[in-house]
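Below is the structure I would like to discuss, written out as structure tokens.
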Amino acid sequence: MKELQSLQRRWPKEYKRALAAIGYYMRQKMQLAMGNGGKGLGWEPLSYTQRSQRLEAGAGRSAKDANDLAFKSLGKTKESRQKSLAKLRENAQGSTLEFFRQRWKKWGSKKNSHFPRNANPMARLRGGIRYKLVHGGKGVIIGGITPNMEKYLVAVQDGTVVGSEEGGLGYQRVTQAMRILFWKSGLPISKKTTMLRRPKRPLIEPIFEKRKQAMFDFIQERVRILLLGPYEERDVTALRVGLRKRGDYY
């Protein structure tokens, strides 16, 4: 630690550039970890719901829209589909939840054909991670690009619930709105299900522990290279000191 402090005092510009590269690689490793279901980090396996991104489609946050996909399965022609929808609304008698339940039954065996089984897990969180130099380039933080995304990142790691006092560590209470979203997304959820498990999925700490010596070596090497040369790309340095490894996720 004293050596890093000495580097920062003596060559602040070079240190700042090396530290920014650490932030870049940490963000990359976190994104890779999420995309691979936390392989090597001790995570519980991701559920089908998490892998398929169906809830993202149901909420309108993905390229695939659950409404469009369900509509296509309701009949061979646009006219027949519209008649099916009208009948479903009539049977639901004004209940949004009942409408989506009936639509899912109509969706039937086709419910899985429209969604790939492994469609970019945690895509929204992966795209919402950023790194930022702080304290005039003396430090770097890694987190969400917005306050809500930051809360989401913390919740994923700690197994907590975002923006709600319902539930607690490791579980989340199923609300009426959640129940509707599940059925809308083609994910039937039982009336008996009142809680969903939220296991911890740590990211920053285990990755840091695996790579902390390589990070220290990388900063030293980058400062030396930027000062004395000969110049080499930062990816080359990262591979040489073990911050990156070919064939290794993180």
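Read the figures in this text as sums done on the coordinates, not as results from a lab. Every value quoted in this text rests on a predicted model; they were computed, and no experiment measured them. Quick reminder, even Gly has a Cβ in these numbers, built from the backbone with ideal geometry, and neighbours come from all protein chains shown.
Quick check on my link table: of Lys39/Lys105; Lys76/Lys105; Lys76/Lys106; Lys16/Lys200; Lys105/Lys200, which ones sit more than 25 Å apart, alpha carbon to alpha carbon? Don't skip to the answer; put the middle values down first.
Working: Lys39/Lys105 35 Å; Lys76/Lys105 17 Å; Lys76/Lys106 13 Å; Lys16/Lys200 33 Å; Lys105/Lys200 34 Å.
Distance filter (> 25 Å) returns Lys39/Lys105; Lys16/Lys200; Lys105/Lys200.
Moving on. Whose amide H sits under 5 Å from the amide H of Tyr171, counting only residues 5 or more places off or on another chain, with H placed in the peptide plane?
Amide H neighbours of Tyr171: Arg198.
Simple spin-label model, 7 Å along Cα-to-Cβ: Thr146 to Leu228 in nm?
4.8 nm
Estimate the FRET efficiency between Ser80 and Glu3 by the formula 1/(1 + (r/R0)^6), using the beta-carbon distance for r and 51 Å for R0, to the nearest 0.05. Write down the numbers at each step before the final one.
Working: r = 73 Å, r/R0 = 1.42.
Here the calculated transfer efficiency is 0.10.
Multiplying the sequence separation of Glu44 and Lys245 by 0.36 nm and subtracting their Cα-Cα distance, what value in nm do you get?
Values: separation 201, 0.36 × 201 = 72.36 nm, distance 2.45 nm.
Length difference between fully extended and current span is 69.9 nm.
Under the Karplus relation 6.51 cos²θ - 1.76 cosθ + 1.60, θ = phi - 60°, what is the ordered set of whole-Hz ³J(HN,Hα) values for segment 202-207, x standing for Gly and Pro?
Ordered by residue, 3J(HN,Hα) equals x, 10, 5, 5, x, 5 Hz.
Taking H as built 1.01 Å from N, whose amide H comes closer than 5 Å to the amide H of Met195, not counting residues under 5 places away?
Those qualifying (amide H under 5 Å, at least 5 residues apart or on another chain) are Val174.
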